[in-house]
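Here's the structure we're looking at; comments come further down.
The numbers here are math on the coordinates, done by the rules we state, and not lab data. None of the values given here were measured: they were computed from a predicted structure. Here the Cβ positions follow ideal geometry from the backbone for every residue, glycine too, while neighbour counts run over all protein chains shown.
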Amino acid sequence: MAARIARSFSSGARLSVFRSFSSGGPAIPPLTYYSAWFCPFAQRCTLALEHHGVPYEWEEALGWTVRPSSVGEDGRADEAAYHWKSPALLAANPSGMVPTLVEPATGRVVKESLVTIEYVDDYARAHGSRAPSLMPAEPAERARARELASEINAQACSPYYSVLCKQERDDQLAAFDGLVGTLRAFGDALRDGRKFRLGDELSIADLALLPWAYRFYVFEHYRGESFAIPRAGALEHYHAWLERCLQIPAVRRTCPDKARYLEHIAKYATNTARSKVANAVRRGVQAHEYDDEKD
């Protein structure tokens, strides 16, 4: 597989990856990929692209701008961090969410992180990818994989934002305890010796969780030692799974620099981020239940 990588995923700059699936084979027109280096939802799509070696043109499409959010009784304006969204992203996807993919030939847009995993998997296989599929072959198993990915989204990924955005310790602990229970169940499914959640190959179920699993280290920094993910019991299998995933080059190179990400996520831990998921948590719902109109 021929490849050229222009910049690192953590650079916050444009990234171009050009490939052919076989040595000497024809180059495949790259997908336009609107993304953000810090976004775990977008990393799901990046993982699928890198797993299959699908060519893409990355545009860093989200940033942050600090501006007043309200005026207190003392007359001083409180500041908050709001998303800046690139005009090209908004033209392709008016909701301004990443990941967003655009096909070069048709201009068709694909969005929503779990949907992009399936799309990339189908697109890659249609263009001759030799990497294992991220979806089971049998229809009922494919349906179960989608269901499992959706459960992970609600029960492991959304609590991440509750732990960070909620400011009352009891609320933080409740979200964390629920998250740990989900990770324990995930690890329990690995007790039979399988390498990954659905078997011996990466799947959508792994990619659904992996970007957040990599980021759980921020809890201990911002919420204290009691928020470190335990390692006993079934969680030993969860931690072994995470280490196994991070040994895969296509996974490892998509992960943002930990120090830089820790600095980024501070705006969530201090409740100054004004993103859709943060706004949803402040509104009293789960992050995955965000509403484009309300949040």
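Okay, here's what the table says:
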| item | result |
| --- | --- |
| Relative pair counts by distance (%), Cα atoms of the chain, 5 Å bins | 1, 5, 11, 16, 18, 17, 14, 9, 5, 2, 1, 0, 0, 0 |
| Peptide ranges 51-57, 178-184 listed from the most packed, as the mean C-beta count within 10 angstrom indicates | 51-57, 178-184 |
| Estimated D of region 139-289 in µm² per second, where Rh is the Kirkwood radius over Cα pairs and Stokes-Einstein applies at 4 °C, 1.567 mPa s | 81 µm²/s |
| MRE, 222 nm, helices only [DSSP H, n ≥ 4, -39500 (n - 2.57), over the chain, to nearest 500] | -13500 deg cm²/dmol |
| Cut-off 14 Å between beta-carbons: net charge of the residues surrounding Arg125, Lys and Arg +1, Asp and Glu -1 | -2 |
| Using θ = phi - 60° and Karplus 6.51 cos²θ - 1.76 cosθ + 1.60, couplings along region 155-170 (whole Hz; Gly, Pro as x) | 9, 10, 7, 4, x, 3, 6, 5, 4, 7, 7, 6, 9, 8, 4, 4 |
| Packing rank of 108-118, 134-144, where each peptide gets the mean count of other beta carbons within 10 Å, highest leading | 108-118, 134-144 |
| Principal axis dimensions, largest first and in whole angstrom, of region 127-223 by Cα | 49, 29, 22 |
| Relative counts (whole %) of C-alpha pair distances in region 230-290, using bins that are 10 Å wide | 19, 26, 39, 16 |
| Summed side-chain charge close to Leu134 - residues other than Leu134 whose Cβ falls under 9 Å, Lys, Arg +1, Asp, Glu -1 | -4 |
| Per-residue ³J(HN,Hα) for region 145-152, Karplus 6.51 cos²θ - 1.76 cosθ + 1.60, θ = phi - 60°, Hz, x for Gly and Pro | 5, 5, 4, 5, 4, 5, 5, 4 |
| Extension reserve of the Ala140-Thr65 stretch, reckoned as 0.36 nm per residue once the Cα distance is removed | 22.5 nm |
| Set of aspartates and glutamates near Lys166 by C-alpha distance (under 19 Å), chain-local residues within fewer than 8 positions excluded | Asp78, Glu79, Asp177, Glu220, Glu225, Glu263, Glu289, Asp291, Asp295 |
| Cβ-Cβ FRET estimate between Asp291 and Trp84, R0 fixed at 22 Å, reported to 0.05 | 0.55 |
